[in-house]
1. So what are the ³J(HN,Hα) numbers for segment 245-260, from phi and the Karplus equation (6.51, -1.76, 1.60; θ = phi - 60°), rounded to whole Hz, Gly and Pro as x?
2. What is the spin-label model distance, in nm, from T117 to D133 if the labels are put 7 Å beyond Cα along the C-beta direction?
3. With θ set to phi - 60°, apply the Karplus curve 6.51 cos²θ - 1.76 cosθ + 1.60 along segment 37-51 and write out the HN-Hα couplings as whole Hz, x wherever there is a Gly or Pro.
4. Taking H placed 1.01 Å from N in the peptide plane, check which residues at least 5 places from R20 or on another chain put their amide H under 5 Å from its amide H.
5. Note down the nm distance, to one decimal, between modelled labels 7 Å out along Cα→Cβ at R172 and at A77.
6. Show the residues, 5+ positions off or on another chain, whose built amide H is closer than 5 Å to the amide H of T219.
7. So, by mean Cβ neighbours within 10 angstrom, what's the order for 116-125, 163-172 with the highest one leading?
8. Could you give each residue of segment 72-83 its phi-based ³J(HN,Hα) in whole Hz, using Karplus coefficients 6.51, -1.76, 1.60 with θ = phi - 60°, and x for Gly or Pro?
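No lab work stands behind these numbers, since they all come straight from the coordinates. Remember, it's a predicted structure, so these values are computed and weren't measured experimentally. In this analysis, Cβ positions are derived from the backbone assuming ideal geometry, glycine residues included, and neighbour counts consider all displayed protein chains.
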Amino acid sequence: MTTVHEEPVGALLRHWRERRGLSQLALANRAQVSARHVSFLETGRSRPTRVMLLRLADQLDIPLRERNSLLLAAGLAPAYPEHRLGDVPMAAVADAIERILSSHRPYPALVVDRHWTMVDANDAVMGLLGGCDPRLLEPPVNVLRVTLHPDGMAPRIVNHGQWRAHLLTRLRHQLATTGDPVLRRLHAELAAYPCEDGHDAELDPAAAHALVVPLRLRTDDGKLSLLSTTTLFGTPLDVTVAELAIEAFYPADEVTRRVLGGR
């Protein structure tokens, strides 16, 4: 569902401009309009057109969901549809996701939405969740919560401090981009969880911003070392599609490849 803000459209424009660290002049130059016009839009002295709002939203890199909110605040119809994954218009997207998850076996891959709720996963993912409290696996499953919760995967993550820092860094970046209050609450919750290995790598820039951070996990078959990649849909014009991400894991060493049955 698209978020509807009570603030006037001008206040929302100013909010996003300031969040992106731009002056009125800088935004005006990007959008090829006058700084005076941007000022009038923000103060409510001018009423924005649909074309102008979408142009400014594009320059501010506002998420599609919030672009719709911006239009609604101006009394205009949303520009981007929002379908459920099972809806007919989403058939091609759903088929692509199914093919990606299936073809990635025997390695784990899953799909998450903007709040890190698991939308779909291949059966290899279940092999990573052994030992987790069943309550954490009841839908809707939040992937970050399962990973970092003391009753989830956390006790089995060998490099817990480093992996925790990696995930919290990603979440902070997403929060800075979207301003989503749900993500803000999620970050506060996860940051309050204890660090299993006694070292809070979130305070270690070298660990938190490493080029590649593996997930090292204890299992009944030995220690696994996995690298993760994130895949997004290019040029999405649907809110749901824009907010989906495919998280895929690959073996980082030969031992992990053999354990997972890869060729």
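1. 9, 9, 9, 10, 10, 10, x, 8, 8, 5, 4, 5, 4, 5, 4, 7
2. Computed distance between label sites T117 and D133 equals 2.1 nm.
3. 5, 4, 4, 5, 5, 6, 8, x, 6, 10, 9, x, 7, 4, 4
4. Counting only residues 5 or more places away or on other chains, the set is empty.
5. Modelled inter-label distance: 4.3 nm.
6. HN-HN under 5 Å from T219: L224.
7. 163-172, 116-125
8. With the stated coefficients, segment 72-83 comes to 4, 5, 8, x, 10, 6, x, 9, 10, x, 9, 10 Hz.
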